[in-house]
1. Would you mind finding the one in SER28, SER47 that is exposed (fewer than 13 other Cβ atoms within 10 Å of the Cβ) and part of a strand (DSSP E or B)?
2. Does LEU61 satisfy the criteria of being part of a strand (DSSP E or B), in contact with a strand residue (DSSP E or B) (Cβ under 6 Å, 6 or more places away or on another chain), loosely packed, with under 10 Cβ neighbours inside 10 Å and in contact (Cβ under 8 Å) with a residue 24 or more places away in the chain?
3. If I filter region 8-16 for residues that are surrounded by 10 or more Cβ atoms within 10 Å (Cβ to Cβ), in contact with a Phe, Trp or Tyr (Cβ under 8 Å, 6 or more places away or on another chain), among the aliphatic types (A, V, I, L, M) and modelled with pLDDT under 85, do I get at least one hit?
4. Considering only region 43-58, I want to know if a residue exists there that is closer than 30 Å to GLU13 by Cα, among the basic types (Lys, Arg) and at pLDDT 85 or above.
5. Output the number of residues of region 64-87 satisfying the condition of being over 17 Å from SER27 (Cα atoms) and either touching a residue at least 40 places away in the same chain (Cβ under 8 Å) or within 17 Å of the chain's Cα centre (by Cα) (or both).
6. What single numbered condition from (1) assigned to a strand (DSSP E or B); (2) surrounded by fewer than 11 Cβ atoms within 10 Å (Cβ to Cβ); (3) of a type outside the set (Phe, Trp, Tyr) fails to hold for GLY70?
7. Among the numbered criteria (1) of a type in the set (S, T, N, Q); (2) in contact (Cβ under 8 Å) with a residue 40 or more places away in the chain; (3) surrounded by 11 or more Cβ atoms within 10 Å (Cβ to Cβ), which single criterion is violated by GLN40?
8. Any idea how many residues of region 1-25 are outside any strand (DSSP E or B) and in contact (Cβ under 8 Å) with a residue 24 or more places away in the chain?
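The values are calculated or read from the model by the stated rules, or taken from the named source; none is laboratory data. Keep in mind it's a predicted model, so treat the numbers as computed, not measured. Virtual Cβ from ideal backbone geometry, glycine too; neighbours counted across all protein chains shown.
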Amino acid sequence: MPWEWQEKVNLGEQSDNRMDWRMDLQSSLTIFFPTKLWNQNRIISFSFSYQYLKDFSPPRLFLNDLGSNGKHLFLEARSIHHAVSMTFQVSFN
């Protein structure tokens, strides 16, 4: 298919071929607290967000060094990452 991308890493006869695509899931929660202080309307809010990132073809490579099984060593970067954030906001009306 034209929208499918393959990423191949090889050294000699050893190779690793994977579909190259990513997934990004995000969720957030915001809580508002309307208040009246000093005769002014204010809105205080807290926001929490979480992001999940998955790379199905992370950076990887074969090294020239041989492992205990006689094959080239294969290094691969982490494929899952998480991001968490919190926001505090005060709005004046």
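1. SER28
2. no
3. Looking through region 8-16, at least one residue is surrounded by 10 or more Cβ atoms within 10 Å (Cβ to Cβ), in contact with a Phe, Trp or Tyr (Cβ under 8 Å, 6 or more places away or on another chain), among the aliphatic types (A, V, I, L, M) and modelled with pLDDT under 85.
4. For region 43-58, residues closer than 30 Å to GLU13 by Cα, among the basic types (Lys, Arg) and at pLDDT 85 or above: present.
5. 8
6. Against the list (1) assigned to a strand (DSSP E or B); (2) surrounded by fewer than 11 Cβ atoms within 10 Å (Cβ to Cβ); (3) of a type outside the set (Phe, Trp, Tyr), GLY70 comes up short only on (1).
7. (3)
8. Step one: list which residues in region 1-25 are outside any strand (DSSP E or B), which gives 1-5, 12-13, 20-21.
Okay, now just the ones that are also in contact (Cβ under 8 Å) with a residue 24 or more places away in the chain, so 12, 20-21.
Residues in region 1-25 being outside any strand (DSSP E or B) and in contact (Cβ under 8 Å) with a residue 24 or more places away in the chain: 3 in total.
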